[in-house]
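Please read the structure below before turning to the comments.
Readers should treat all values here as calculations from the given coordinates under stated rules, not as data from a laboratory. All of these numbers come straight from a predicted model, not from anything done at the bench. No Cβ is skipped: glycine too gets one built from the backbone with ideal geometry, and neighbour counts run over all protein chains shown.
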């Protein structure tokens with residue numbers, strides 16, 4: 001007798017290997033478990049090599065021109081993405097809100113927000129197909145209120161993959177990507193809220209006020225990372241001095257960074273001094 005073919009749901013829901021790649025993160029008073037989209041898709045393709053997903057585009061009109069964007073906006077201005085997954089003849093489509101670093105709905109999303117929302121939406125579609133659905137238990141609970149009934153919580157709470165990823169973690173990933181091409185890049189930029197941190201190949205760093213206002217911890221990470229990279233790269237004491245001259249606006253006690261992060265500036269100056277002594 002021929003063996004009955006398993007359904008997509010039976011196959012994916014019975015594969016528990018993904019649990020070896022989950023990560024626990026704290027959301028308020030609730031601990032949630034997440035699965036990276038990369039691992040989720042890896043498990044799906046292992047069983048269904050022809051599986052595919054589609055990120056939907058939406059037409060918008062402005063100034064007598066029509067173009068497409070990868071998200072839609074509701075009447076109140078909040079943004080959403082839509083993803084469809086097709087596996088072995090079965091199809092699931094999900095609409096997912098674009099969230100910021102604090103998992104709050106976004107009205108003016110940047111490209112990183114939209115991309116992250118697409119990956120979260122993909123993982124949720126796969127959960128509907130059977131992969132890791134148990135990770136979503138308690139998703140409708142408000143992590144800020146321990147005893148909040150599910151119906152009073154926001155419709156979409158932190159979800160698997162990158163839902164609890166902070167802006168700091170996103171920045172870390174970004175600089176790690178840049179590090180791979182550190183000796184060849186011309187300029188690296190990181191969007192932080194409504195500001196943009198940047199650093200050019202010659203070591204000139206720019207830290208606008210909106211970035212510090214949005215999240216000083218990102219600025220601290222960004223400055224510390226680039227200072228360390230350039231000091232490691234320095235061959236002479238003059239290299240360090242030139243680096244300092246190019247970034248006086250950051251290292252000066254009267255500078256914007258010093259006003260918000262005085263300990264960081266002191267730390268950087270100590271690094272500079274130590275490196276000059278090493279190279280002298």
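Protection proxy ranking, highest mean first, for peptides 74-80, 245-251: 245-251, 74-80, where packing is the per-residue count of other beta-carbon atoms within 10 Å, averaged. Counted by neighbouring Cβ atoms within 10 Å, the residues 215, 63, 15 run from fewest to most as 63, 15, 215. For the pair region 50-66 / region 179-253, the C-alpha centres are spaced 36 Å from each other.
With the simple model of a label 7 Å out from the Cα in the direction of the Cβ, residue 241 to residue 104 spans 4.7 nm. Residues 259, 124 in ascending order of nearby Cβ atoms (within 10 Å, fewest first): 259, 124. What is the list of residues in region 63-82 whose amide nitrogen lies under 12 Å from a point 7 angstrom out from the Cα of residue 57, following Cα to Cβ? Those under the cut-off are 67-71.
Between residue 278 and residue 201, the modelled label-to-label distance comes to 2.5 nm, taking each label 7 Å out from Cα in the direction of the beta carbon. Sorted fewest first by neighbouring Cβ atoms within 10 angstrom, 9, 39, 226 come out as 9, 39, 226. Between residue 50 and residue 217, the distance separating the two model label sites (each 7 Å from Cα on the Cα→Cβ line) works out to 4.7 nm.
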